[in-house]
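What follows is a set of notes on a single structure, which appears directly below.
Where a number appears in this text, it was derived from the coordinates with a stated rule and is not lab data. This one's a predicted model, so the numbers in the text were calculated from it and none came from an experiment. As a convention, Cβ positions derive from the backbone with ideal geometry for all residues, glycine included, and neighbour counts pool all protein chains shown.
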């Protein structure tokens, strides 16, 4: 059963009434020796005084407490309806009730400021989303328009390369052209993946194999460079639910970024492990590092610090990791290197259920 609701005025007056009744009872006992007429007069005066005290208490409670509480209740109800342009009038009082009013007014002001910030951020994000949607449509169209003639160019270069004599110096030029075509094709693939992403095909498999595949391809990119790529696998790691093609793409992007961040000799280290309910993959390098003021922006689409970069690799990597219900983070020190950590839940379906 629900407890009986008692009005707060009654709760406040009840101790006063009890004290007055106890006082009248003691007063009556004390006047037993008086004569009846004198006793009646004294009791009537005492009773009238008790009534006056109760009346004055009620008026004082109504003015000092009830009015502020009713006003506060009304303003809280208006806030509940979404109206934050409210303030209480008793905040000028120099007592605890005034402190309550000042704190209430300060809270509503902070809520108003927070709402303005949220509305501004919402408008900015909507504008950015529309901008990115337009760029995505443009990128998709351009990618298809470029890819068709690029395939023809690649075929012609392949034929020319086969027909050249083995001792011809033009073979090196053909090899360079092939590499540039592959680079353009990779950029177009990133554009298409960003503009038209497809959901991951989740399967439980060995994350060590996925990462090792990415490391193997990255090592092919550094054969002519004094850069070493090390891999530390986790043989006892449980199978992870993931799309191996997409996670391989994430790792390859991180590895290529790490290689490009190293001037001269250096090391890229890939370490697989686990943390709580997540499998972890850390890609660290001994490169230039990223200035602290740039770290919040590196995952934004089309943001890049390299002159020949598209700014899509890290943005695409974060989207893929988030679609796996995982996390990606970065730490960096200028002159010492950068470390990216990817966390993937062992059971992505359970992580999705908990998130929803």
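Summary table below
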item	result
Net lengthening on full extension, residue 293/residue 110 (0.36 nm per residue, minus Cα-Cα)	63.1 nm
Per-residue Cβ neighbour rank within 10 angstrom, fewest leading, 65, 104	65, 104
Virtual spin-label span in nm between residue 148 and residue 276, 7 Å along Cα→Cβ	5.1 nm
Theoretical gain in end-to-end length, residue 333 to residue 92 [0.36 nm per residue, Cα-Cα removed]	81.6 nm
Rough spin-label spacing in nm, given labels placed 7 Å along Cα→Cβ, for residue 263 and residue 179	2.0 nm
Percent of C-alpha pairs per 5 Å bin, segment 203-355, short to long	2, 10, 19, 23, 21, 14, 8, 3, 1, 0
FRET efficiency, residue 216 to residue 239 (Cβ-Cβ, R0 22 Å, nearest 0.05)	0.60
Calculated FRET value between residue 81 and residue 103, using beta carbons and R₀ = 22 Å, to 0.05	0.55
Full-stretch length increase - residue 123, residue 166 - with 0.36 nm per residue and alpha-carbon distance subtracted	9.4 nm
Rg to Rh quotient for segment 140-186, alpha carbon positions, Kirkwood Rh	1.07
Relative contact order %, segment 203-355, counting alpha carbon pairs below 8 Å whose residues are six or more apart	24 percent
Residue order, fewest to most beta carbons within 10 Å, for 138, 72	138, 72
